[in-house]
Amino acid sequence: MIDIDEWTITGATLKAQGGTSDARLKTVMDSLVRHLHDFAREIELTEAEWAMGIDFLTRVGKITDDKRQEFILLSDALGLSTLVTAQCNRRPKGCTEATVFGPFFVPDAPSYRNGDDISNGASGEPCFVSGAVRGIRGEPIPDARMDVWQSDDEGSYDVQRTGLDHAEGRGQLASGADGHYHFKSIVAVPYPIPHDGPVGQMLEKLGRHPWRPAHLHFMIQAPGYQTLITHVFRAEGPYLDSDAVFGVRSSLIADWKRHNPGPAPDGTRCDVPFYTLDYDFVLNDAAKE
Ligand code: BEZ
Ligand code: FE
């Protein structure tokens, strides 16, 4: 293959990678090459812009480590994470909707019992969270494993705070025999996605803000059911209609009720204002995945 030009390069590249015996890899790579080349032709990509793109991706890579995942952030900010989540989680009506995973999940978070305080010292106004985990036919799901994670009242996740050597605002618990769960934590607040790196610069240049509306993350797993990764959003507060990562679903917005100091749901007396959130999750059968 010689004398390849701007029009024949696509066919030549597809031919060069045609030898793979992996059918899915061929589908993915052929489509990627076609779209990439069409993109460059459509916008008449210049050499300076190509170099800028390479530099941008290099900086995304350099800032990424085991605590900071700038590539996921880039995918989130470009709407790719929401697109993939949506097309991989087409669930029957009545099931709780899935939304973006985000970069702040940590496997093997501390285990808690129902009623425990998962904030574990994170600062914020108290919030008592409760609800049930059910199947699509209304059946309670006992012993569902629930991972919960959230930021503190300054908008930082524990993994973002330097010098912190223990988990705060995250934990694992299990629904009870009747499918119910309850725990204490702190109220969620809006926060910006990390924007001190290349993704933040990209947002600024595009005239976009980096903020997410207040939310609590959940991952719920139970044998026989499709794993659910989702958030519950606070109805009051900004950014619900301009989430930097496009994660909001109206079915996931809930009323987090504010209460004056007084008796709390756990039987204690709260000397400061506190919140309650009651939210039920409906899981899809695993067979329907
Ligand atoms: C989060 O909600 O934790 C999150 C999601 C996407 C990007 C950054 C943060
Ligand atoms: Fe979050």
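The values are calculated or read from the model by the stated rules, or taken from the named source; none is laboratory data. In this text the structure is predicted, and so the values were computed from the model without any measurement. Using ideal geometry, Cβ is built from the backbone for each residue, glycine included, and neighbour counts are taken over all protein chains shown. Only protein heavy atoms, including side chains, enter the accessible area calculation; ligands, DNA and RNA are left aside. Shrake-Rupley method; radii C 1.70, N 1.55, O 1.52, S 1.80 Å.
Ignoring lysines fewer than eight residues from LYS257 along the same chain, the ones with Cα atoms less than 17 angstrom from its Cα are LYS184. Projecting the alpha carbon convex hull of region 74-283 along each direction and taking the average yields 12.0 nm². For the chain, the solvent-accessible area works out to 55 Å² per residue, with a probe of 1.4 Å and every protein chain left in place.
Couplings 3J(HN,Hα) of region 92-101, computed from phi: x, 3, x, 7, 5, 6, 8, 8, 4, 6 Hz, in residue order, whole Hz [Karplus 6.51 cos²θ - 1.76 cosθ + 1.60, θ = phi - 60°; x for Gly and Pro]. Phi-derived couplings, Karplus 6.51 cos²θ - 1.76 cosθ + 1.60 at θ = phi - 60°, listed residue by residue for region 193-203: 5, x, 10, 9, x, x, 5, x, 5, 4, 4 Hz, with x used for Gly and Pro. This model, with +1 at the C-beta of Lys and Arg and -1 at the C-beta of Asp and Glu, gives the chain a dipole about its Cα centre of some 720 debye.
Which distance in Å, rounded to a whole number, links the C-alpha centroids of region 78-117 and region 179-221? Between the Cα centre of region 78-117 and that of region 179-221, the gap is 13 Å.
Under 26 Å of direct C-alpha separation, and excluding same-chain neighbours fewer than eight residues apart, LYS205 reaches these lysines: LYS62, LYS67. Accessible-area rank, largest first, for ASP152, ASP196, ASP22: ASP196, ASP22, ASP152, with all protein chains present and a 1.4 angstrom probe.
Taking label points 7 Å from Cα along the Cα-to-Cβ direction, ILE136 and LEU57 give a separation of 3.9 nm.
With a cut-off of 11 Å between beta carbons, the residues surrounding HIS231 carry a summed charge of +1, where Lys and Arg count +1 and Asp and Glu -1. Within a straight-line Cα-Cα reach of under 14 Å, LYS15 can be paired with the following aspartates and glutamates, leaving aside sequence neighbours fewer than 8 residues apart in one chain: ASP30.
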